[in-house]
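The values are calculated or read from the model by the stated rules, or taken from the named source; none is laboratory data. Keep in mind that this is a model prediction, so the values were computed, not measured. Here the Cβ positions follow ideal geometry from the backbone for every residue, glycine too, while neighbour counts run over all protein chains shown. The protein model used for the area step is the full one, side chains on, heavy atoms only, and it has no ligands, DNA or RNA in it. Shrake-Rupley method; radii C 1.70, N 1.55, O 1.52, S 1.80 Å.
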4 protein chains.
Amino acid sequence: MRVGVLTGGGDCPGLNAVIRAVVRKGVQEYGWSVTGFRDGWRGVVDGDAVPLDVPAVRGILPRGGTVLGSSRTDPFAVPDGVRRLKENLAKQRSDALVVIGGRGTLGIAARLHTEHGVPCVGVPKTIDNDLPATDWTFGFDTAVGIATEAIDRLHTTADSHRRVLVVEVMGRHTGWIALHAGLAGGANVILVPEQRFDLDQVCAWVASRFEAAYAPILVVAEGARPSDGAPVPGSVGEWLAGEIARRTGQEARTTVLGHVQRGGSPSAFDRWLATRFGLHAVDAVRDRAYGTTVALRGTDVVRVPLAAATDRLKTVDPALYAEAGVFFG
Amino acid sequence: MRVGVLTGGGDCPGLNAVIRAVVRKGVQEYGWSVTGFRDGWRGVVDGDAVPLDVPAVRGILPRGGTVLGSSRTDPFAVPDGVRRLKENLAKQRSDALVVIGGRGTLGIAARLHTEHGVPCVGVPKTIDNDLPATDWTFGFDTAVGIATEAIDRLHTTADSHRRVLVVEVMGRHTGWIALHAGLAGGANVILVPEQRFDLDQVCAWVASRFEAAYAPILVVAEGARPSDGAPVPGSVGEWLAGEIARRTGQEARTTVLGHVQRGGSPSAFDRWLATRFGLHAVDAVRDRAYGTTVALRGTDVVRVPLAAATDRLKTVDPALYAEAGVFFG
Amino acid sequence: MRVGVLTGGGDCPGLNAVIRAVVRKGVQEYGWSVTGFRDGWRGVVDGDAVPLDVPAVRGILPRGGTVLGSSRTDPFAVPDGVRRLKENLAKQRSDALVVIGGRGTLGIAARLHTEHGVPCVGVPKTIDNDLPATDWTFGFDTAVGIATEAIDRLHTTADSHRRVLVVEVMGRHTGWIALHAGLAGGANVILVPEQRFDLDQVCAWVASRFEAAYAPILVVAEGARPSDGAPVPGSVGEWLAGEIARRTGQEARTTVLGHVQRGGSPSAFDRWLATRFGLHAVDAVRDRAYGTTVALRGTDVVRVPLAAATDRLKTVDPALYAEAGVFFG
Amino acid sequence: MRVGVLTGGGDCPGLNAVIRAVVRKGVQEYGWSVTGFRDGWRGVVDGDAVPLDVPAVRGILPRGGTVLGSSRTDPFAVPDGVRRLKENLAKQRSDALVVIGGRGTLGIAARLHTEHGVPCVGVPKTIDNDLPATDWTFGFDTAVGIATEAIDRLHTTADSHRRVLVVEVMGRHTGWIALHAGLAGGANVILVPEQRFDLDQVCAWVASRFEAAYAPILVVAEGARPSDGAPVPGSVGEWLAGEIARRTGQEARTTVLGHVQRGGSPSAFDRWLATRFGLHAVDAVRDRAYGTTVALRGTDVVRVPLAAATDRLKTVDPALYAEAGVFFG
């Protein structure tokens, strides 16, 4: 059997662990040949492929990023894209594709499979943890760990200086990183995109924290917005710090973690999850379970339809967010 | 309501996160008073208690160990233990106990509840991840992370020196830490207590690794044993390194991580899990769901009977272990 | 003998290690009694003191911040400050003061010693490493380590996405953190306050990096400024990213580390240095070497006049900065 | 100019940072061509060389180990070794050699230079920090950091369980790692090879620590030996734990860090030092300062005769060791 692999979308710790597992199991256990397409769908459209044998994936398990490169190329948006893609798959004699990506990349796989019969198996990937098909996505645990460590460090300053400390974390549409890092780091306020925040309430929490003689730490997802719906210029963290300073008269400082959260070596959890996803994607190909994606349910890796992984965003449940509220203020 | 809390058994990162969550939710949200008993069941038997208010749990979230202390005291094994325990609960006017512990501690809670009507709610704890009731126990992710980092560092030496590198990790009865850290670290051999190992097979893996020009890294759980069933003197890691050196003529070195794996600040995942366990244990007390323990199923915290958490060991499934076999040698 | 200790200025990893060493050596080896004054000079002016015995400093070695608190109170700026300070020292029967602080705090100690005969021994402290008397100050190594880890993580993204990545680090007046973290992290451009930067040159480096097919990482000290001398609104990192994006048409993202750099557990190097500073400050008191501060020269801890530690800023030597230039672009 | 580079002896974090700096400065600034010899002196003897241009060293700065490989080959011990070495240097038209290594490797460079006129410049390397010519060697700070983190984690257990905790660290002949990690980690006993230890004294420290209600943590260098001079079978850490348990009746556990201490990514300090060593070695070659090695004195990189770097071991000064004694027991 001949199998192609590609990684699409933003980079995410654990991508290389998936690639390695696909190659190790496909090549060593099933005797397949495995080909990597460069830069996501672009590599299939352009016929840019590289053979992947066992030595080619040696040592990549702990490395962030993807040895195959990535892009946001959409074959449906490229002139003649789907035809060229199918030609290149035929030229490579690829029997199946393992597609590692987020909603965009997997959505293309779903469409290629349904509309054009391209035999795809998906592996869900996003540091944002916002795919409904799976309990967790790899990359998320690493991002939460980095944000938590930053909050840990701010507690030192919060204990000895009278300052409002704001940390802006990733999360344009969902607040999973903010919620988990905020809980794990012991933040006093957590703001998520799913629920608009009331600046008066935020300032009340800040004030109540100062009354308890400690400086408040606020974690805000980059997509969180105030309840008045007014646009926020630039970084929401910087904006929030400015507003709080203006309203409370307290000095306020911001940390904007940015891309630091999506880089570097994946956590042990993410490597374990990514590795198992890779192994099970290979079995899904062996079983011709095309049109599905692997997913974690409890401690089991299962298969679900590609569509189920991409049809909507998994947002933070209001009940979960409310659970965290006991730590606010 | 008046609620007592205790932590029993070996220390484990995340215990303080549970205590803090119980106090924050119990005191702030429900207006209860919370009392900590010192050193596990010993504190209840001896009437050694300390009031826990919100300031008392400030700053303990990221700290390893337990501010309440721990012990292996069993009230059933202490003269008059159960009677004294019940007297002290009456004296403290405790309406319920939140019992944080592993199989031993929770087993006592189960018996006290069933045989003596003591109103207990359990919180499962073990770095070994060997409790069947829950997908994961807190402390495990931290231990796996520490062991994985050690393996990561050994790869550097494995790349440049011709040496067999053996890492002994925790796990007397189950191989969860060995399996997860071995997978996450990219070990070449993983040996677990659930399956006796054949020294000839191990040496064959070592040899095949050297043929690929790299030095082998072996992860061995402290409870793993050779197939001949002969007793292993001292550390199994040191013994294994000696045997491999003797049989293959290769230099072999051992790292014994020991207690380093159970100390230090909990990982973000473990803090999240421990915090949610604490919050849900409080709700179980509120609902008078005595005789149950909280547990993680997927991403939900649920309640299961205490007996179900303690009646057997959750061992590594042979299929899971076999899954890892593709990376051996 | 009776000795007072205080910590002044911004918080800095290693302060607690100094306090612990002063107490351990003063109390255990010399049999002194040691008193801590709270919140820097404020505690001496207000007579706010706490006895420090060996149990009081247990476990503080690895903790960031300062158990004594800090402030920027200047007794010379407080009505009747110096008189009240001297009265409180007399009331506490303090024979000497160990003053842990940066240029401001130590400058006050120098003046109190010279003008008012207050027996002070200094311990230099600043994460900025800008004190001329000593090869290194504690706190600096920790800050550089945190910034370096952030840059490490950005390399992952730089390898797979076409983006300009800007990291703003601490350093209002000196570029030590930027220089060391930039060198250690493999940054492509390092901008320091000591040398105004030319935006055209910066954009040229960015372009040359893209030509080599990799994304550029720029480290900029918060006090770095463009050569035209025009004021920079808000964060210089955000401003620089905006300017580069505008001029080159490339997407640019910023990480602003902020207070994360001065919090958390000190590095092993900083703990070693801070501990030795504490031990040697005690010996300086024993020798009545008032008006001096301890300092590191090579691997030796020496004594230098307080004035020498505070009379000017130790800036980044142009030759050192030029040395780093080979890695630019 | 044509310059060869080699790395010899045990691996050590920072080797790749030196190689990269030599290439970046030699090739980019001076226009030289740089060649790497594989596996230390073996590569020169066997003529096993690889061209090193700027792309070849991309991304290696943060990686442990050495991309050139290493060995303990001694050309003086190989039949015809020196003749073959000189022939290969001539064949490669190498004008000079940058030799990165410890006492063994640099000693060979000194002899080759003195006796055979081979133009060598040295770069001192050892995680043991035992070279007299330089204030610090790179690799040492990383090793100390790893050992300190392990001790940090053990404090958690020491706080909650009554156990003697022994950590064995590297150091066959010198106790630098033990001393620095012991000080930084807050160990209760530090044992070094430079000073034989008295088991009765060690047990007295252990007992006094238990009286203060905390469990003792002992750091022992692998080369530390008891005062009776009797041979120690196997790991000195395991042996010491056994002896203490036997004599005091306390449970004792051992952590043997082993090769974990010499692997993985170098600390920021080690990368800075290694990078500067590489840059200055290039300048030493430019100046034809053969027969010297670069070295750190204070914050300056200087040149000293190769012989001075290798003629004796830099052992822990008894005064320094005594300084640490205030923390024992």
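Spatially, the range D:5-33 and the range B:102-146 are offset by 53 Å when compared through their Cα centroids. Between chain C and chain D, with a rotation axis joining them, whose C-beta in C is nearest that axis, and what is the whole-Å distance? Checking which Cβ lies nearest the axis yields C:298, 2. Per residue, the average separation of C-alpha pairs within less than 8 Å and at least 6 apart gives chain D a relative contact order of 23 percent.
Rolling a 1.4 Å probe across all protein chains gives residue D:214 an accessible area of roughly 70 Å².
Chain D against chain C buries an accessible area of about 3500 Å², both chains summed, 1.4 Å probe radius.
Could you work out the percent of alpha carbon pairs in the range B:19-162 separated by over 20 Å, rounded to a whole number? Here the long-distance tail beyond 20 Å is 56 percent of all Cα pairs in the range B:19-162. Annotation: per residue accessible area for the protein assembly as shown equals 32 Å², rounded to a whole number [probe 1.4 Å, protein chains only]. Local charge for residue C:264 was computed over the other residues whose Cβ lies under 15 Å away, with Lys and Arg +1 and Asp and Glu -1, and equals -4.
Each copy carries residue B:245; placing its label point 7 Å along the C-beta direction from Cα gives inter-copy distances of 2.1, 5.9, 6.1 nm, listed from smallest up. Size descriptors for the protein assembly as shown (Cα atoms only): Rg and Dmax, in that order, 30.5, 91 Å. Among residues other than residue A:16 with Cβ under 13 Å from its Cβ, the summed charge is +3 (Lys and Arg +1, Asp and Glu -1). Heavy-atom accessible surface, probe 1.4 Å, ligands and DNA/RNA ignored: which residues of the range D:57-72 lose at least 40 Å² versus the isolated chain? Output list: D:58, D:63. Normalised by the number of residues in the range A:143-262, the mean separation of alpha-carbon contacts (under 8 Å, six or more apart) gives a relative contact order of 36 percent. Between identical copies, the spacing of residue B:48 label points, each set 7 Å from Cα toward the C-beta atom, reads 3.6, 6.2, 6.7 nm from nearest to farthest.
In a reduced charge model with +1 at each Lys and Arg Cβ and -1 at each Asp and Glu Cβ, the range B:142-262 shows a dipole moment near 120 debye about its Cα centre.
Mean partner shielding of peptide C:247-259, defined as the number of other chain Cβ atoms within 10 Å of each residue Cβ, is 5. Springs join every pair of Cα atoms under 10 Å in this Gaussian network model of chain D, and among D:59, D:104, D:237 the largest mean-square fluctuation is at D:59. Estimated from helical segments only, the mean residue ellipticity of the protein assembly as shown at 222 nm is -12000 deg cm²/dmol, where each DSSP H run of four or more residues counts as -39500 (n - 2.57).
Look at the stretch A:138-151: the mean tally of other chain Cβ atoms within 10 Å of its residues' Cβ atoms is 4.
Using the 7 Å Cα-to-Cβ label point, sort the distances from residue B:80 to its equivalents in the other copies shortest first and give them in nm to one decimal. Nearest to farthest, the other copies are at 6.2, 9.1, 9.5 nm.
If I compute solvent accessible area with a 1.4 Å probe over the protein chains, what percent of it on the protein assembly as shown is carbon and sulfur? So the carbon and sulfur contribution to the accessible surface is 47 percent.
Principal-axis analysis of the Cα atoms of chain C puts helix C:81-91 at an angle of about 50° to the longest axis. Taking 7 Å steps out from each Cα toward its Cβ at residue A:312 and residue D:201 produces label points 7.2 nm apart.
In the range A:286-329, comparing the full protein assembly with the chain on its own, the residues that lose 40 Å² or more of accessible surface at a 1.4 Å probe are A:299, A:323, A:326, A:327. In terms of distances greater than 25 angstrom between alpha carbons, the cross-link table entries B:25/B:125; D:125/D:314; A:86/A:314; A:25/A:125 yield A:86/A:314. Most simply put, chain C has about 25% antiparallel DSSP beta bridges, counting only bridges with both residues inside it. Heavy-atom accessible area, probed at 1.4 angstrom with all protein chains present, ranks C:280, D:116 as D:116, C:280, highest first.
Quick one: Cα centre-to-centre distance for the range B:233-247 and the range A:232-261, in angstrom? Using only Cα atoms, the two centres lie 56 Å from each other. Hydrodynamic analysis of the range D:142-262 uses the Kirkwood radius over alpha carbon pairs. Inserted into Stokes-Einstein at 20 °C and 1.002 mPa s, it gives a translational diffusion coefficient of 154 µm²/s.
Annotation: the antiparallel percentage among DSSP beta bridges lying fully within the protein assembly as shown is about 25. For the range C:216-281, the relative contact order comes to 18 percent (Cα pairs under 8 Å, sequence separation of at least 6). Its Kirkwood hydrodynamic radius, worked out from the mean inverse distance over all distinct Cα pairs, puts chain A at 20.8 Å. Counting Cβ atoms of other protein chains within 10 Å of each residue's Cβ and taking the mean over peptide D:157-165 gives 6. Toward the positive end of the charge dipole of the range B:142-262, with +1 on the Cβ of Lys and Arg and -1 on the Cβ of Asp and Glu, the farthest Cα among B:208, B:167, B:180 is that of B:167.
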